[in-house]
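Enquirer: Below you will find the structure I want to go over with you.
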Amino acid sequence: MKRIAISGLIFVFLAGFTTLGFCWPWDKNAAEVTKSAPAIAAPEAAAKQAPVAQEVPKEAVRPSKANIDKDRMLREKKKSALNNSQWDIEVVALSGKGSKQKDALVFYENKFSSGEFSKSGFDASNYTLTLQENGNAVVETMQTSEKEGIIFWRIELDPAVTICKGVLSRQLPNNKSEDYSFVSVAKKPYQPPAPAPASPAIEEAAVPKAKK
């Protein structure tokens, strides 16, 4: 009977110990290790927590005043070498039809004109000159004529301003276009035409004085 009573007491003690939430020493150590270990975030959560690197906008590189002044001086030098010059050219239709035609391009008093197209009413025009990285200069201009349409010129000159080539596109009044290419065959100083002689003054007829 004593053994039965002692066994009953041991059973009650163990049952109460478990009910109160106690654990065995090895279970307690395992719980402490698990509790102290850092939590591993899920991949999606880690991605949200990671700071996103923001791109720093690059400031636009602006040319310095020295470079602007240098470019302006080079353009003025090219214009000076181009001014008062005449370029004899050969013109060919881009379509391949027709034969070569001759013309003379003139740069005079900082304006551009074509010898042949001047006869059709295309007056001298202002032009723009830009420089390329390879040292070439590009001249662009537009000429208009009320009866003959519009011509767009693009002329490319070598760094020494001794050879030129380019294209011209003519817009006709009937909405058709003609495109040509050309190349220079000679360059020479331009001689402006001599001014027309003034007409002699007409002498007034002598009026006889009235006799007193």
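Enquirer: Output yes when any residue across segment 154-164 is exposed (fewer than 12 other Cβ atoms within 10 Å of the Cβ), of a type in the set (Lys, Arg) and without any contact (Cβ under 8 Å) to a residue 40 or more places away in the chain, and no when none is.
Expert: no
Enquirer: Now for a separate question. Please state which one of Ser169, Ser145, Ser199, Ser184 is among the small types (Gly, Ala, Ser), surrounded by 14 or more Cβ atoms within 10 Å (Cβ to Cβ) and at pLDDT below 95. Before the answer, list the steps.
Expert: Details: Ser169 fails: at pLDDT below 95; Ser199 fails: surrounded by 14 or more Cβ atoms within 10 Å (Cβ to Cβ); Ser184 fails: at pLDDT below 95.
Answer to the check: Ser145.
Enquirer: Hey, among the residues in segment 142-182 that are among the acidic types (Asp, Glu) and not in a strand (DSSP E or B), which one's nearest to the chain's Cα centre (by Cα)?
Expert: Of segment 142-182, the ones among the acidic types (Asp, Glu) are 146, 148, 156, 158, 178-179.
If we keep only those that are not in a strand (DSSP E or B) as well, we get 146, 148, 158.
On the way: Glu146: 33, Glu148: 32, Asp158: 22 Å.
Filtering segment 142-182 for residues that are among the acidic types (Asp, Glu) and not in a strand (DSSP E or B), the one nearest to the chain's Cα centre (by Cα) comes out as Asp158.
Enquirer: Which condition from (1) touching a residue at least 12 places away in the same chain (Cβ under 8 Å); (2) exposed (fewer than 15 other Cβ atoms within 10 Å of the Cβ) is the one that Asn175 breaks?
Expert: It is condition (1) that Asn175 fails.
Enquirer: Can you list residue pairs whose Cβ atoms sit under 8 Å apart, with the first residue in segment 105-128 being touching a residue at least 12 places away in the same chain (Cβ under 8 Å) and the second being part of a helix (DSSP H, G or I) and aliphatic (A, V, I, L, M)? Count only pairs 6 or more apart in sequence or on different chains.
Expert: Pairs that qualify, where the first residue is touching a residue at least 12 places away in the same chain (Cβ under 8 Å) and the partner is part of a helix (DSSP H, G or I) and aliphatic (A, V, I, L, M), are Phe107/Leu82.
The values are calculated or read from the model by the stated rules, or taken from the named source; none is laboratory data. This one's a predicted model, so the numbers in the text were calculated from it and none came from an experiment. Glycine also receives a Cβ, built like all others from the backbone with ideal geometry; neighbour counts cover every protein chain displayed.
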